[in-house]
Amino acid sequence: SVPIAKQLASIKALRKGSDLEKAFATAALVYNNYADPESKLSKSETKSLLQSQFWHFIQGQENKPKYQEIISSLDEESENKINFEDFMIMLVSLTLMSDLLQEIKNVKITK
């Protein structure tokens with residue numbers, strides 16, 4: 001498989017893109033690399049992706065009710081698959097409850 005950085009570099013429109021644009025493009029590329037041909041993820045694939053690619057954001061969240069709700073919904077036996085929109089909503093939700101978010105907010109900006 002082609003590394004994400006190389007995939008990102010191949011997107012002509014992002015060569016002069018902002019950091020935010022590149023961040024969202026990276027999330028889309030990671031999702032697409034895990035997704036099936038219909039551009040969807042099974043719940044177990046989603047959980048695996050979160051554990052392997054989003055570990056620093058979910059680490060230490062196990063006791064938070066909202067985290068438990070999100071993860072338990074991924075453990076349910078279901079044929080339902082997750083599309084990119086639902087995946088991004090899940091990422092934002094996990095980011096907002098993350099302990100890492102506070103650390104990010106505390107980063108000093110030097111000019």
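The values are calculated or read from the model by the stated rules, or taken from the named source; none is laboratory data. No experiment lies behind these values; they were computed from the predicted model shown. FYI the Cβ positions are ideal-geometry reconstructions off the backbone, even for glycines, and counts take in every protein chain you see. With ligands, DNA and RNA removed, areas are computed over all heavy atoms of the protein, side chains included. Shrake-Rupley method; radii C 1.70, N 1.55, O 1.52, S 1.80 Å.
Taking the empirical scaling 2.2 N^0.38 Å for compact globular proteins as reference, the chain has a Cα radius of gyration ratio of 1.17. When the residues Glu62, Glu79, Glu38 are ordered by accessible surface, computed with a 1.4 Å probe over the protein chains alone, the sequence from largest down reads Glu79, Glu38, Glu62. Could you tell me what percent of the accessible area of the stretch 38-110 is made up of carbon and sulfur, with a 1.4 Å probe and every protein chain present? Taking all protein chains in place, the stretch 38-110 shows 51 percent carbon and sulfur surface. In the context of the full set of protein chains, the chain has a per residue accessible area of 72 Å² (1.4 Å probe).
Ranked from largest to smallest solvent-accessible area, with a 1.4 Å probe on the protein heavy atoms, Phe24, Phe84 come out as Phe24, Phe84. Of the trypsin sites (Lys or Arg not before Pro) found in the stretch 1-104, those in coil by DSSP whose Cβ has at most 16 other Cβ atoms within 10 Å are Arg15, Lys16, Lys81.
Quick check: with the 1.4 Å probe, what order do Ser1, Ser39 take by accessible area, largest first?
Largest to smallest exposure gives the sequence Ser1, Ser39.
R0 = 30 Å: FRET efficiency of Glu45 with Asp19, Cβ-based, nearest 0.05?
The formula returns an efficiency of 0.60 here.
Between the beta carbons of Ser93 and Lys6, assuming R0 = 22 Å, the FRET efficiency works out to 0.15 to the nearest 0.05. Rounded to the nearest 10 square angstrom, Thr110 shows an accessible area of 130 square angstrom against a 1.4 Å probe. Within the assembled protein chains, the solvent-accessible surface assigned to Ser93 is about 40 Å², based on a 1.4 Å probe. Surface calculation, 1.4 Å probe, protein heavy atoms: Asp75 sits at approximately 80 Å² accessible.
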